[in-house]
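Following: one structure in structure tokens, then a few remarks.
The values are calculated or read from the model by the stated rules, or taken from the named source; none is laboratory data. Nothing here was measured: the structure is a model prediction, and the numbers come from that model. Don't worry about glycine lacking a Cβ; one is built from the backbone with ideal geometry, like all the others, and counts go over all protein chains shown. Each accessible area value is taken on the protein alone, full model and side chains, heavy atoms only, with ligands, DNA and RNA left out. Shrake-Rupley method; radii C 1.70, N 1.55, O 1.52, S 1.80 Å.
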Amino acid sequence: MAQRTQLNPDLPANYFRKYDETPDDEFYRSARLVVHIDDPAIAAATALFRELLPPGGAILDLMSSWRSHLPADVAYSRVAGQGMNATELKQNPQLTDYIVQNLNQNPALPYKDEEFDGCVVTVSVQYLTQPVAVFQEVARVLKPGAPFITVFSNRMFPTKAVAVWQALDDAGHAQLVETYYEQTGLFTDIHTEDRSPNPHRSDPLFATIGYRK
């Protein structure tokens, strides 16, 4: 079993165990050029990004893939992607640059302090085994007042989602992600919004939002 760093007594290490403990690099070696939520949920995520991300800003797309779901008609000065598969990232038309990095092995981001005007994590937070460390790094690279948006649904790769995520419902997921923000001590106005487009007819969509202090 891979060693886990215990973040604090409220988030014990066994919360972040996975059914499949083989290195994530092996799982993500093959490109998956598919979307992980349906079209109405994607549209809801795009609408949220349009509302909260500053036009012309530098945006960090953390845990990215071949699609970022950012509004196509909004110009950003930079969209930097971080993900696990180079083929997927290379095919993302909205990224201006990208890095391949396993955040579960190394949560330290190779960016300067206060380099970005906003950050998004889209339907991937359930795979983080060191979420507070990653969120601390996001805070470091964001400018004061910049939004950090974590979008999630109930879709996942069950063998790679952490145990605590699989044990919770939608409300529990929201509380858990808010805890990640809160434990950094570096975000304000932390809250979760239900952005589900069509209850019982499409994928649910939720967004936890915080702003860099």
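Computed from phi, the 3J(HN,Hα) profile of segment 182-190 under the Karplus parametrisation 6.51, -1.76, 1.60 (θ = phi - 60°) reads 4, 6, 6, x, 10, 10, 10, 6, 7 Hz, with x in place of Gly and Pro.
Normalised by the number of residues in segment 80-211, the average gap of Cα pairs under 8 Å and 6 or more apart makes the relative contact order 21 percent. What segment 80-213 shows is 41 Å² of accessible area per residue, with the surface traced by a 1.4 Å probe over protein heavy atoms. Scanning residues 5 or more positions from VAL79 or on other chains, those with amide H under 5 Å from its amide H are ILE59, THR96, ASP97, with H placed 1.01 Å from N in the peptide plane. Full extension of the segment from GLN166 to HIS191, taken as 0.36 nm per residue of separation minus the current Cα-Cα distance, would add 6.9 nm. At 1.4 Å probe size, with the rest of the protein present, what percent of the exposed accessible area of segment 105-191 is carbon and sulfur atoms? It is 48 percent, rounded to a whole number. Dipole size of segment 64-213 about its Cα centre, with +1 on Lys/Arg Cβ and -1 on Asp/Glu Cβ: approximately 320 debye, rounded to the nearest 20.
For segment 62-157, the relative contact order works out to 26 percent when only alpha carbon pairs closer than 8 Å and six or more residues apart are counted. Rounded if a/c is under 1.5, else prolate if a/b is larger than b/c, else oblate: which is segment 153-213, with a ≥ b ≥ c the root eigenvalues of its Cα gyration tensor? Because a/c hits 1.5 or more and a/b fails to exceed b/c, segment 153-213 counts as oblate. If the segment from GLU114 to ARG78 were pulled out straight at 0.36 nm per residue, it would be longer than the present Cα-Cα gap by 11.6 nm. Placing pseudo-labels 7 Å out from each Cα toward the beta carbon at LYS90 and ASP39 gives an inter-label distance of 3.0 nm.
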